Each structure stands twice: as C-alpha cells, then as structure tokens.
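Visitor: For reference, the structure I am asking about is given below.
The values are calculated or read from the model by the stated rules, or taken from the named source; none is laboratory data. Note that this is a predicted model, so its numbers are computed, not measured. Cβ coordinates were reconstructed from backbone atoms using ideal geometry, including for glycine residues, and neighbour counts include every protein chain displayed.
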Amino acid sequence: MNNPGLIEKYRKYLPVSAKTPVVTLNEGETPLVHAPSLTRLAGVPLKVYLKFEGANPTGSFKDRGMTMAITKAKEAGAKAVICASTGNTSASAAAYAARAGMACYVILPKGAIALGKLAQAMMHGAKVIAIDGNFDHALEIVKEISGKYDITLVNSINPYRIEGQKTGAFEIVEQLNNQAPDFHFIPVGNAGNITAYWKGYKEYKQLGIISKLPKMMGWQAALSAPIVKGHPIENPKTLATAIKIGNPASWKMAVAARDESFGLIGSVTDDQIVSAYCHLGKIEGVFCEPASAASVAGFIKLAKAGYFKKTAPKGGTAVCILTGHGLKDPDRAVAVSLKPVTCKAEMNAVLKVMGLKARLKKKG
Ligand code: F0G
C-alpha cells in the first residue's frame, strides 16, 4: 500500500481534525538499516541501526515537521511562510509551500549552505535571501518579521514542527516491534529534533505502547557546541554546515531530554564527523550528509572508549538518526573522495588505470 504520509498514518496522535487540509508529499516510512560494522566497533552484541531520514521526499527529516507546519498554516489561512535555515529546513519549507500554493521566504547564512539544499529551495520557487551573518542571526530576523507581520514562521519553534517530527520515534518503535531502542543517537543543531523524538517516545510510553524509554545521546560539532560548553557560541564553525548553530532555539528542551533520559549531549570534531561519514559510505553503503554523520561519530567515539561494554543491556539496541541525504552536499563528498581518473577510450588504457591486469583472470 502506498504510504499515505505522516498525518494520515498518525492522525490520532496529531493536532488535526477531519477538516484539516492535509499537505503531504507522502513523507515518512524511512528505512531502519542494520549496521553490523557499528556492532563490531561497540565490542558487545548491541544491535545498531541507522534511521535513514535522507529517504524522505526532500531528502531530510524536516519533511516530518513540515507536513504538519504547512498543513496547519494552510488551515489557518496563511498565504506565506518564512524560515531561517542552514539549508534543509529551507528545502523542505519551499517544497511543501509550493504544494500548498503559498509563498515561501528563506533567510540563509551567505556562503554556508550546501549546494543541493540551495538548489532545492530555488527549484521550488522560494524567495532566497542570503544574509551577511550566521544561522543565529537569520533566526533572530525571521522571529522579528513573523512577530510583526502576517507571515507564518516554520522553524522548529513552531510547535507543529515538533508534533510532526515526533513521528520519527513512533516509526522506530514500530520497526523494532513495539520497543524503543536502548540508545538514541542524534545530531543536535537548533535542537528541535532531539526535543521531538523525546516527546514521541514519552507519548508512546504513556500510551503503554513501549515499556522503557531510550537514553537520548545528542551530538554537536566541537566548535559549534553551545549545549556542551554551557554558553552560546558567537561564531560557530564546522564543515557540517547543517548544525553550524551557536544558540539553539530548543536548548532547554534538549537539556531536559538529556537529563530525563539519563543520556548525554557530547561533541565530535570535524575529523571524527568526516571519518564517520566516510565509514558509512564505504562500509555500510549508506550516503548521508556530514551533519548526519555526527550521530555515528558520537557512537564511534563512545564505542572506542568502551562505553557500551559498561552500559549496553543484553540484547540491546541503538539507533543512529541519519538526518539528511548525502546528495545534499555533493561538494563535501567529492572533497573527501578519490578523484576520477581520465584515460584514453581504449581497453588497455582502462585496464592500466584499473591496475588489475596482472590479477584479473582471463575467461575460458
Ligand atoms: N541534521 C541535519 C541534516 C540538519 O539539517 C539539521 C538542522 C540537524 C541535523 C539538526 O537538527 O536543528 O533539530 O537540532 N537543520 C536546520 C535547518 C537547522 O535549517 O535545516 P535540529
């Protein structure tokens, strides 16, 4: 059966009525991919999965929140929406706004948006405005504009975004046969997603669908780690541009998720992020964007420190959220990979470049 989209599927857990004009691109139902190489690194028989949110219609988890935010904006009669973004929110907002027949304005930090995301916002007809400033400045501006003018903010401070994104937790529980994982690894930027997942798990626990909650394990980039440092970072830096954020809007909620779940929020360096990014591509065959690999970089960091040997329950599971597709940031993929080799259009020239002539067996 065709996936009807999140709102249809989880209608009874979402603030919608029979009259709500649902705007959907049939988001959700993303794969939960087993990652045996991460089990090996853990050093204990912990089952590790990757929740591949890059399989959403615009290639990131933002679609879960955006189907709700745009649907509710439409229900309220909005004609236009606005967001600040490190890229994915803008791509998703632009797509859903296009589908809803609304205007979309996106405010981006100039020069800090991965190419694929920019292409999406442009292709879906958003008005793209690049400011001389970072994401935190852009967020302040859109909050001010939406406070003063009749235009709906669709950043994750819009509560409907969190409502939509909590369905990620519902899906994981269903994919694990009505159980939450023991550990939930997730990148943290503006901190909406960790807030949403925690809300989703707690709701399923309250409904009696699951009996235990996961530990929430959030990861920031080392030079963009305000929650880890305990203060805003004025000039955040990281090649994982999606999480280059110095003053997250949902800071308090992320800390609550961490503390209530007995989890942690840690940091990983850009080198650790790139290493996890390459590991996923080369060993697991999964291509995510650098920010997404922060969750796996955190997992690997803890695995190497022997963390799971001390903490993983018998038959335990861990899920790492891969928030966005690797094709979002083609420049980074090319920069960290071997360059293609050019040669003459002749078999012998190709064989020479392959470097296999001596080792390849002739047929027959
Ligand atoms: N991973 C990716 C790929 C993201 O795009 C983001 C956030 C995050 C992780 C962090 O999620 O903000 O809920 O903690 N991107 C936002 C944007 C900020 O504008 O696209 P968060």
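Visitor: Tell me, which residue of the stretch 28-85 that is surrounded by fewer than 24 Cβ atoms within 10 Å (Cβ to Cβ), of a type in the set (S, T, Y) and in contact with a strand residue (DSSP E or B) (Cβ under 8 Å, 6 or more places away or on another chain) is farthest from A318 (Cα to Cα)?
Guide: Ranking the qualifying residues of the stretch 28-85, first place goes to T30.
Visitor: Another question about this same structure. Only helices (runs of 4 or more DSSP H) wholly contained in the stretch 285-364 count here; list those with 1 or more residues that are in contact (Cβ under 8 Å) with a residue 60 or more places away in the chain.
Guide: Values: elements: 290-304, 307-311, 330-335, 347-354.
So the answer is 290-304, 307-311, 330-335.
Visitor: Report, by residue number, each residue of the stretch 235-250 that is free of Cβ contacts under 8 Å to residues at least 60 places away in the same chain and near the ligand (Cβ under 9 Å from one of its atoms). Working first, answer last.
Guide: Within the stretch 235-250, the subset free of Cβ contacts under 8 Å to residues at least 60 places away in the same chain is 237-238, 240.
The answer is A240, and nothing else.
Visitor: What are the residues in the stretch 35-69 that are farther than 22 Å from G164 by Cβ and either hydrophobic (A, V, I, L, M, F, W, C) or within 15 Å of the ligand (Cβ to nearest atom) (or both), if any?
Guide: Of the residues in the stretch 35-69, the ones farther than 22 Å from G164 by Cβ are 35-48.
Scanning the stretch 35-69 gives A35, L38, L41, A42, V44, L46, V48.
Visitor: Specify the residue that is surrounded by the fewest Cβ atoms within 10 Å (Cβ to Cβ); the eligible residues are those in the stretch 145-196 that are more than 10 Å from the ligand (Cβ to nearest atom) and under 24 Å from Y277 (Cβ atoms).
Guide: Q175
Visitor: Looking at (1) within 20 Å of K301 (Cβ to Cβ); (2) surrounded by fewer than 21 Cβ atoms within 10 Å (Cβ to Cβ), find the lone condition where A276 falls short.
Guide: (2)
Residue by residue, here is whether (1) more than 18 Å from K74 (Cα to Cα); (2) of a type in the set (V, I, T); (3) modelled with pLDDT of 95 or more; (4) within 22 Å of the chain's Cα centre (by Cα) holds:
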residue: S17; (1), (2), (3), (4): no, no, yes, no
residue: T24; (1), (2), (3), (4): no, yes, yes, yes
residue: S37; (1), (2), (3), (4): yes, no, yes, yes
residue: E53; (1), (2), (3), (4): yes, no, yes, yes
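Visitor: K202: buried (at least 17 other Cβ atoms within 10 Å of the Cβ) and either within 23 Å of A42 (Cβ to Cβ) or not aliphatic (A, V, I, L, M) (or both), yes or no?
Guide: Details: buried (at least 17 other Cβ atoms within 10 Å of the Cβ): yes; either within 23 Å of A42 (Cβ to Cβ) or not aliphatic (A, V, I, L, M) (or both): yes.
Spelling it out, K202 is indeed buried (at least 17 other Cβ atoms within 10 Å of the Cβ) and either within 23 Å of A42 (Cβ to Cβ) or not aliphatic (A, V, I, L, M) (or both).
Visitor: Which residue is farthest from the ligand (Cβ to nearest atom), if the candidates are limited to the stretch 131-144 and must be among the aliphatic types (A, V, I, L, M) and in contact (Cβ under 8 Å) with a residue 60 or more places away in the chain?
Guide: Here is the first cut: in the stretch 131-144, the residues among the aliphatic types (A, V, I, L, M) are 131, 138-139, 141-142.
Those left that are additionally in contact (Cβ under 8 Å) with a residue 60 or more places away in the chain: 139, 142.
Numbers: L139: 9, V142: 11 Å.
Selected residue: V142.
Visitor: Considering only the stretch 97-114, state which residues are of a type in the set (A, V, I, L, M, F, W, C) and within 14 Å of the ligand (Cβ to nearest atom). Talk me through it step by step, then tell me what you get.
Guide: Taking the stretch 97-114 first, the residues of a type in the set (A, V, I, L, M, F, W, C) are 97-98, 100, 102-104, 106-108, 112-114.
C104, V106, I107, L108, A112, I113, A114, listed by residue number.
Visitor: Pull up the stretch 318-364, narrow it to residues that are charged (D, E, K, R) and within 30 Å of Q120 (Cα to Cα), then point me to the one that is nearest to the ligand (Cβ to nearest atom). Please lay out each step first, then the result.
Guide: Here is the first cut: in the stretch 318-364, the residues charged (D, E, K, R) are 328-329, 331-332, 339, 344, 346, 352, 357, 359, 361-363.
Subsequent filtering for residues that are within 30 Å of Q120 (Cα to Cα) retains 328-329, 331-332, 339.
Numbers: K328: 7, D329: 9, D331: 15, R332: 12, K339: 26 Å.
Step by step, filter the stretch 318-364, then rank; the result is K328.
Visitor: Is there a residue being in a helix (DSSP H, G or I), among the polar types (S, T, N, Q) and more than 10 Å from the ligand (Cβ to nearest atom) anywhere in the stretch 75-96? Outline the logic, then answer.
Guide: Of all residues in the stretch 75-96, those in a helix (DSSP H, G or I) come to 75, 88-96.
Then keep just the ones that are among the polar types (S, T, N, Q); that gives 88-90, 92.
Subsequent filtering for residues that are more than 10 Å from the ligand (Cβ to nearest atom) retains none.
No, because not a single residue in the stretch 75-96 is in a helix (DSSP H, G or I), among the polar types (S, T, N, Q) and more than 10 Å from the ligand (Cβ to nearest atom).
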